[in-house]
Amino acid sequence: MEQSMQHQVAIITGAASGLGFAIAKQLSALGVQLALLDINTSALQENIAAFGTTPAIFEVDITNEVAVKQTIDMIAAQFGKIDILVNSAGITGITNTKSDATSTENIRAVFDVNFMGSYFTSKYVIPVMLPKKYGRILHIGSIAGKEGNAGMLAYSASKAAVIAMAKVQGKEYAETGITVNAIAPAVIRTAMHDTMPVEQLNYMTDKIPMKRCGTLQELANMVCFIVSPQNSFTTGFTFDLSGGRATY
């Protein structure tokens, strides 16, 4: 895999922490050139030594369509191509709240980051990939998007939309050399989960047959395969990373 991915160019959103940071480090170790997007670029600058190759860092709000398009145009111009897009930016929003008590503002905010952000990046990356007849796009979904977590309406529904988008885009570009997939992790221990109420986290972990959280390394390993040239006949699919929780 290392030989075949050297000198490829990958965009990773939400790269300053958690899933995005782990994925970026793993891809960098394989010789992939990185364009890292986050609204908090100071964290990336502080940890730049963690990457095997020096990444290009872009401060961008992925909920801003104009800013996303401008950033992708800059990346395409700088590198001459974009081979990989991993949409890992995401927020949980307010949790442990039943639907009748939810905030409309919070629902919209979570959808803006989790769904619209992934929509914007893929919308403007695909035209860059099409002339090369090659591309790998991965949307980070969630087991919550398959099953729905009680008390997490905004997060579950937005991740369900992300999974549906991967299915649609996978079919749309199946004959172009571009694959579009999703991954549905169960609980992967990150700082995002440290902000959740204990009751919400326990509710999610108790559903995992392995009775533990997944690790960032396990996620990064699977992601690297999904976006590799070797994964050439799978598109529109949602990969399971759930410790046995997913049954379909």
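The values are calculated or read from the model by the stated rules, or taken from the named source; none is laboratory data. Quantities reported herein were computed from a predicted structural model and do not represent experimental measurements. As a convention, Cβ positions derive from the backbone with ideal geometry for all residues, glycine included, and neighbour counts pool all protein chains shown. These accessible areas exclude ligands, DNA and RNA; they are computed on the full protein's heavy atoms, side chains included. Shrake-Rupley method; radii C 1.70, N 1.55, O 1.52, S 1.80 Å.
Annotations for the structure displayed:
- Hey, residue 90 farther than 25 Å from residue 194 by Cα and either of a type outside the set (Phe, Trp, Tyr) or open to solvent by 60 Å² or more (accessible area, probe 1.4 Å) (or both) or not: no
- Total residues in region 211-247, condition at negative phi, assigned to a loop (DSSP other than H, G, I, E, B) and either surrounded by 12 or more Cβ atoms within 10 Å (Cβ to Cβ) or in contact (Cβ under 8 Å) with a residue 12 or more places away in the chain (or both): 15
- So residue 224, is it over 14 Å from the mean Cα position of the chain (by Cα) and within 18 Å of residue 23 (Cβ to Cβ): no
- Yes/no for residue 67 being of a type outside the set (Val, Ile, Thr), under 20 Å from the mean Cα position of the chain (by Cα) and in a helix (DSSP H, G or I): yes
- Failed criterion for residue 81 (all others in (1) open to solvent by 50 Å² or more (accessible area, probe 1.4 Å); (2) touching a Lys or Arg at 6+ places or on another chain (Cβ under 7 Å); (3) at pLDDT below 95 hold): (3)
- Residues satisfying the stated conditions in region 211-228, i.e. of a type in the set (A, V, I, L, M, F, W, C) and modelled with pLDDT under 90: 213
- Scope region 135-176; condition of a type in the set (Phe, Trp, Tyr) and closer than 22 Å to residue 15 by Cβ; matching residues: 155
- Residue check, residue 89 aliphatic (A, V, I, L, M) and over 25 Å from residue 133 (Cα atoms): yes
- When residues of region 27-59 are limited to those that are in a loop (DSSP other than H, G, I, E, B) and of a type in the set (A, V, I, L, M, F, W, C), the one surrounded by the most Cβ atoms within 10 Å (Cβ to Cβ): 32
- If you go through region 27-72 and keep only what is of a type in the set (Phe, Trp, Tyr) and more than 18 Å from residue 220 (Cα to Cα), you end up with just 58.
- Counting only helices (runs of 4 or more DSSP H) that sit wholly inside region 95-197, those with at least 1 residues that are at pLDDT 95 or above and open to solvent by less than 60 Å² (accessible area, probe 1.4 Å) are 104-111, 117-129, 143-147, 153-172.
- Residues of region 73-110 that turn out to be out of contact with any helix residue (DSSP H, G or I) (no Cβ under 7 Å at 6 or more places or on another chain) and closer than 19 Å to residue 162 by Cβ, as a count: 3
- Cross-chain or 6+ apart pairs with Cβ under 6 Å, region 176-187 first and within 14 Å of residue 82 (Cα to Cα), then in a strand (DSSP E or B) and of a type in the set (Lys, Arg): 179/136
- Region 26-76 - residue that is acidic (Asp, Glu) and over 21 Å from residue 111 (Cβ atoms) and, of those, modelled with the lowest pLDDT: 46
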